Amino acid sequence: MTPEEKLEKCYESFKSKINFKPSVALILGSGLGALADEINVTSVLNYSDIDNFPTSTVPGHKGRFVFGYIEKVPVVIMQGRVHYYEGYSMQDVVLPTRLMKKMGSEVLFLTNASGAANPDFCAGDFMLIKDQISNFVPSPLTGANFDSLGTRFPDMSEIYNKKLCDIIRKTAKQLDIKLREGIYIQLTGPNFETPSEVKMCRFLGADVIGMSTACEAIAANHCGMKVCGISCVANLGCGLTDKPLSHKEVMEAADKAAPLFKKLITQSIINISEQFELS
Ligand code: HPA
């Protein structure tokens, strides 16, 4: 089966189970999944119930689509994503993003937990993603182009939609939530970086480091979705602190930030829907 046929099969499987057209797709990062439990849920679809769908193996990642409404906005939320470090191909990693586009989503709202490369950042900070560096992982667009989705050589000059960024900025102000801005770099993981690698990332212009998001943003941009993203800084990068890092620490930091994060994301989505007149 080609990757394009696989996507089609997943879409058929989704359609046979769920009748819902989201306008906004939201991917929740490590430790941030609880947000999905608090929206007005209309249906839930476990990844394992979609034929051919890649399922996550990371503790803390639930692995399901949640469909419902944030006020009047129809949303599909990914509670848990699959990562490249789990052994999936990049095509598989971005399959869910493409699937959410096929469901009808016009906007992709990305979230993640990250480590800071910028020494001015603190654990618990939120960062609006303005741009990204993804050259340390393979492009999800390698292989035969999905002509039905987008062009072979897509432009990436504005992966993170400026108008969406503006709405999120204003929303943070409105809610009196401090919002940093900066560049996200995706590395393969699953190991955290060495101090020298964190220095390298900083030198390259990155503010935060993570193991997801950039590939999804590329795939979403390729298929014409409008993309925005917020990173939750879970820890300082290695070398910026003396303490060894652990997944537990990342999850705890994300947990702590979750209530404020939820407020910022839900209000941003409401404001986006009003200002973009999504169908
Ligand atoms: N590095 C990479 N990914 C991460 C980190 C980190 O320090 N923290 C959370 N995700």
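Can you give me the solvent accessible area of H247 with a 1.4 Å probe, rounded to the nearest 10 Å²? Per-residue accessible area (H247): approximately 70 Å².
Sorting check: for 143-151, 17-25, which peptide has the highest mean count of neighbouring beta carbons within 10 Å, and how do the rest follow? Display every interim value, and only then the final one.
On the way: 143-151: 14.0, 17-25: 18.4.
My ranking of the peptides, most packed first, is 17-25, 143-151.
Taking the inverse of the mean reciprocal distance over all distinct Cα pairs, the Kirkwood hydrodynamic radius of the chain comes to 18.6 Å. Computed over the chain, the per-residue total of -39500 (n - 2.57) for DSSP H runs of n ≥ 4 gives a 222 nm mean residue ellipticity of -10500 deg cm²/dmol, rounded to 500. Largest GNM mean-square fluctuation among F136, F14, F261, using the chain with Cα springs under 10 Å: F136.
A probe of 1.4 angstrom, applied to the heavy atoms of all protein chains, finds S212 with accessible area near 10 square angstrom. A simple rule links phi to the HN-Hα coupling: the Karplus curve 6.51 cos²θ - 1.76 cosθ + 1.60 with θ = phi - 60°, which for the range 73-83 gives 8, x, 10, 10, 10, 8, 8, x, 10, 9, 10 Hz, with x for Gly and Pro.
Fully extending the segment from N191 to S139, taken as 0.36 nm per residue of separation minus the present Cα-Cα distance, adds 16.7 nm.
Considering only C-alpha atoms, what is the centroid distance from the range 59-129 to the range 263-279, in Å? The range 59-129 and the range 263-279 have Cα centres separated by 17 Å.
What does the accessible area per residue of the chain come to in Å², with a 1.4 Å probe and no ligands, DNA or RNA counted? Show your work: numbers first, answer last.
On the way: 11960 Å² over 279 residues.
Each residue of the chain exposes 43 Å² on average to a 1.4 Å probe.
Work out the FRET efficiency for E252 and K173 from their Cβ-Cβ distance, taking R0 = 35 Å, and round it to the nearest 0.05. Efficiency at R0 = 35 Å is approximately 0.80.
Mean sequence separation of contacting Cα pairs (under 8 Å, at least six apart), scaled by the length of the range 3-276, corresponds to a relative contact order of 25 percent. For the range 40-119, GluC sites (Glu not before Pro) are listed when DSSP marks them as loop and at most 14 other Cβ atoms sit within 10 Å of their Cβ; the list is E71.
For the range 132-219, with all protein chains in place and a probe radius of 1.4 Å, 56% of the accessible heavy-atom surface sits on carbon or sulfur.
Heavy-atom accessible area with a 1.4 Å probe sorts Y184, Y84, largest first, into Y84, Y184. For Y69, the accessible surface of its heavy atoms amounts to roughly 80 Å² (probe 1.4 Å, protein chains only, rounded to the nearest 10).
Largest mean-square fluctuation among G239, G224, G87, in a Gaussian network model of the chain whose springs join Cα atoms under 10 Å apart, belongs to G87.
The values are calculated or read from the model by the stated rules, or taken from the named source; none is laboratory data. None of these values were measured; they are calculated from a predicted model. Quick reminder, even Gly has a Cβ in these numbers, built from the backbone with ideal geometry, and neighbours come from all protein chains shown. Surface areas here come from the heavy atoms of the whole protein model, side chains and all, with no ligands, DNA or RNA. Shrake-Rupley method; radii C 1.70, N 1.55, O 1.52, S 1.80 Å.
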